[in-house]
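Take a look at the structure below.
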Amino acid sequence: MIPVEYFFVLSGLLFFIGVFGFVTRRNLVAMLISIELVLNSVDLNFAAFNRLLYPEGFEGMFFTIFSIGVSAAESAVALAIIINVYRHLHSDQVNSIENMKL
């Protein structure tokens, strides 16, 4: 059986890789992927803490599944927005969004 500490290390590593990718990338799709890495690290952390604190309970697992569903919906909405920005501006860079006006 894998020790639960390994899951915490993996979760922290995924979180910081996602934050680094979000801060350094200017491409909207790459930024969305980085946000998804952060959300997946949080989901992994939920599941690991549930296993550590309540090994017989499933509350953390249900919350993790709910969070994955919310993450999928957020991803779909963000991708639709990125596609519309690309159709309008013919660019998927963050700098091009500054040219949009209300």
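Inspect all residues belonging to segment 27-44 and state whether any of them is closer than 22 Å to Met100 by Cα, without any contact (Cβ under 8 Å) to a residue 40 or more places away in the chain and not aromatic (Phe, Trp, Tyr).
The answer is yes, given that some residue of segment 27-44 is closer than 22 Å to Met100 by Cα, without any contact (Cβ under 8 Å) to a residue 40 or more places away in the chain and not aromatic (Phe, Trp, Tyr).
Would you mind stating whether Ile17 is in contact with an Asp or Glu (Cβ under 9 Å, 6 or more places away or on another chain), under 27 Å from Ile97 (Cβ atoms) and aliphatic (A, V, I, L, M)?
no
Kindly provide the set of residues from segment 13-68 that are among the polar types (S, T, N, Q) and either outside any helix (DSSP H, G or I) or surrounded by 13 or more Cβ atoms within 10 Å (Cβ to Cβ) (or both), ordered by number.
Across segment 13-68, the qualifying residues are Asn27, Ser34, Asn40, Ser41, Asn45, Asn50, Thr64, Ser67.
Filtering segment 69-92 down to residues that are of a type outside the set (Phe, Trp, Tyr) and surrounded by 14 or more Cβ atoms within 10 Å (Cβ to Cβ), which residue is nearest to Arg26 (Cα to Cα)?
Filtering segment 69-92 for residues that are of a type outside the set (Phe, Trp, Tyr) and surrounded by 14 or more Cβ atoms within 10 Å (Cβ to Cβ), the one nearest to Arg26 (Cα to Cα) comes out as Asp92.
Where residues in segment 16-63 are charged (D, E, K, R) and touching a helix residue (DSSP H, G or I) at 6+ places or on another chain (Cβ under 8 Å), which of them is modelled with the lowest pLDDT?
Glu59
Return yes or no: is Asn84 part of a helix (DSSP H, G or I), closer than 18 Å to Pro3 by Cα, at pLDDT below 95 and not acidic (Asp, Glu)?
No.
Say we look at segment 1-12 and pick out the residues that are of a type in the set (A, V, I, L, M, F, W, C) and without any contact (Cβ under 8 Å) to a residue 24 or more places away in the chain; which of these is surrounded by the most Cβ atoms within 10 Å (Cβ to Cβ)?
Val9
The values are calculated or read from the model by the stated rules, or taken from the named source; none is laboratory data. Given the structure is predicted, the values throughout are model-derived calculations rather than measurements. Neighbour counts are summed over all protein chains in view; Cβ atoms, including those assigned to glycine, are modelled from backbone coordinates with ideal geometry.
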